[in-house]
Amino acid sequence: MSRVFNFSAGPSMLPESVLQQAQAEMLDWQGSGMSVMEMSHRGAEFMSIAEQMKQDLIELMAIPANYKVLFLQGGATGQFSFIPQNILRGKTKACYVNTGAWSSKAIQDAGAYCDVIVSASSEDSKFTTIPNIADWAIDQDAAYLHYTSNETIHGVEFSEIPDSQGLPLVSDMSSNILSRPLDVSRYGIIYAGSQKNMGPAGVTVVIVRDDLIGNVAKGLPDAFNYAVQAKNDSMLNTPASYSWYLVGLVLQWLKQQGGVAAIEQHNIAKAARLYAAIDKSALYSNPVEVAYRSRMNVPFVLSDANLDKAFLAGAEKAGLTSLKGHRSVGGMRASIYNAMPDAAITALIDYMAEFERTH
Ligand SMILES: *Cc1c(COP(=O)(O)O)cnc(C)c1O
C-alpha cells in the first residue's frame, strides 16, 4: 500500500491513525458485534458515540453554554438558504461581506429570502484582499452580518474577528474551523461542512446562539429548523451516523495533538514554509495580500501557464495529488488542513524547487 499526499480542497486528507482505527473497528465496534454503519441511531452504542463527539467539539472550541451545537445534513451550501430562513426573525434585510467565491454564493442564495446588503466587497481586487473592516457599511436594521472566515478558492483568510457593530455575526468556517483558537461568544452562528477540517463529507456543524432560534420563516422544513433539531439532539431524522463517528475520531485525534492552540502553531509553521518557498522563487507567485493569506489553502500560479500541465504531471508522479487550482482561478492550489503532515509540505517544496531548476 502506498498513500499519496493529497492536497485536495475537500474532501481532503484525514489523519492516518483515524483511518486505521476506523478500519480496526469496521466489522465490530468495541465488542458490539456490529459496524457503526449498521447501528440504530437510537441505540445506546451510537448515542454514546454521538454524545462523545458533541462534548469533544464543545471542549475543543470552548463553546459557551448558551449555544446549541447541531449536526445537520445539506452541507454548508444548504446553510446559505437555511440561515436566513432561521434567523431573519421577521426582519427583511441582512448584511453580507463579499470576499470570494463562497461568500458570493452565500449572497446569491440569501437573496431569495431577504434584501441582501453587501457591506463590503473585494471583487475589484479579484478577491486578493479583505476590505478594511472599519469601512464596512453595516445597516443596524439588518438581522445579521455574514462573512466567510476563509475563502477556500481564493486563499484569503480573516486574521481577526470583525466588529459587527451589535448585529449577530454569522460565519462560514467550512475551511478553517478548528484550525486556530476562536472566541465563539463573538458569534451568532458558526457553520461548517465536515469534509475539510473535521472528517469525511456528510456532517454540517451549526453552532448557534440560543436566543436567535425558534422564530423561523414559514415553510422551513423541520429538518433544517435549528430549534426543532436542537430539541431533538440533531436526530429529528436519521443522521449521517457513520460520518458522525468519523468526525468523532478526528476530534479525538485533535485533542491528542494538544487541541486547537497546538494545531494552530503547526498550521502557522506549515503555511509559512510554503509561502516562503513561493515568495523566494522566480517561477511561482501567490497574488494574495500578505496579511490575508490563508493558512489552509495556498493558491499559486506559475509565471508561464504553459508549464502547468508538466508541473501537475510531475507532481502526480511524486505522489503529490490534487494540486490543480479551482477552475475559476486557474494555476495551482495546495490545501493544507490540520491533518496534512509536515512531510507533505517538505515533499511539495522539494518538488517545486526541482521543477523550477529543470524548467
Ligand atoms: C467547501 C465549502 C463550502 C461548500 O460546502 P458543501 O458542504 O459542499 O456545501 C462552503 N463554504 C466554504 C467556505 C467552503 O470551503
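Any read-out appearing in this document is the output of simple, stated calculations on the displayed coordinates, not a laboratory observation. Computed from a predicted structure; not experimentally measured. Because the Cβ atoms are built from the backbone with ideal geometry, glycine has one as well, and the counts that use them run over all protein chains shown.
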Label-to-label distance, nm, for residues given as ALA24 and ALA291 (7 Å Cα→Cβ offset): 4.8 nm
Just to be sure I understand: if I project the alpha-carbon convex hull of region 188-227 onto a plane and average over all orientations, what area do I get in nm²? 3.3 nm²
Of the chain, which part is the longest with no trypsin sites (Lys or Arg not before Pro) in a loop (DSSP not H, G, I, E, B) and with at most 10 other C-beta atoms within 10 angstrom? 43-217
Can you tell me which of ALA334, ALA192, ALA291 moves the most in a GNM of the chain? Springs connect C-alpha atoms under 10 Å apart. ALA291
Output needed: percent of Cα pairs per 10 Å distance bin for region 295-358, bins running from 0 to the one holding the longest distance. 20, 59, 20, 0
Calculate for the chain the 222 nm mean residue ellipticity that helices alone would give, adding -39,500 (n - 2.57) per DSSP H run of length 4 or more and normalising by residue count, nearest 500 deg cm²/dmol. -11000 deg cm²/dmol
Contour minus Cα-Cα span, SER2 to GLU123, at 0.36 nm per residue, comes to 39.4 nm
Based on Cα positions only, what radius of gyration and what Dmax would you give for region 31-70, in angstroms? 12.7, 38
Cα-based reach from LYS270 at 22 Å (exclusive), listing lysines while leaving out same-chain residues under 8 positions away: LYS196, LYS255, LYS280, LYS324
Fewest first, what order do THR358, THR77 take by the number of other Cβ atoms within 10 Å? THR358, THR77
Under 13 Å from the Cα of LYS126, which aspartates and glutamates turn up, not counting those fewer than eight places away in the same chain? GLU151, GLU289
Give the order of ILE207, ILE278 when sorted by the count of other beta carbons within 10 angstrom, beginning with the fewest. ILE278, ILE207
Taking every DSSP beta bridge with both residues inside region 17-256, roughly what % is antiparallel (nearest 5)? 45 percent
Order by neighbour count: MET13, MET235, MET26, fewest other Cβ atoms within 10 Å first, most last. MET26, MET235, MET13
At most 16 other Cβ within 10 Å, DSSP loop - chymotrypsin sites (Phe, Trp or Tyr not before Pro), region 208-243: none
Would you mind listing how long the chain runs along its three principal axes, going by Cα atoms, in whole Å with the largest first? 61, 57, 31
tail above 18 Å in the computed P(r) of region 229-351, as % of all Cα-Cα pairs, reads 61 percent
What are the ³J(HN,Hα) couplings of region 157-162, residue after residue, when phi is run through the Karplus curve with 6.51, -1.76, 1.60 and θ = phi - 60°? Round to Hz, x for glycine and proline. 10, 6, 9, 9, 7, x
Could you work out how far the C-alpha centroid of region 248-289 sits from that of region 1-57, in angstrom? 25 Å
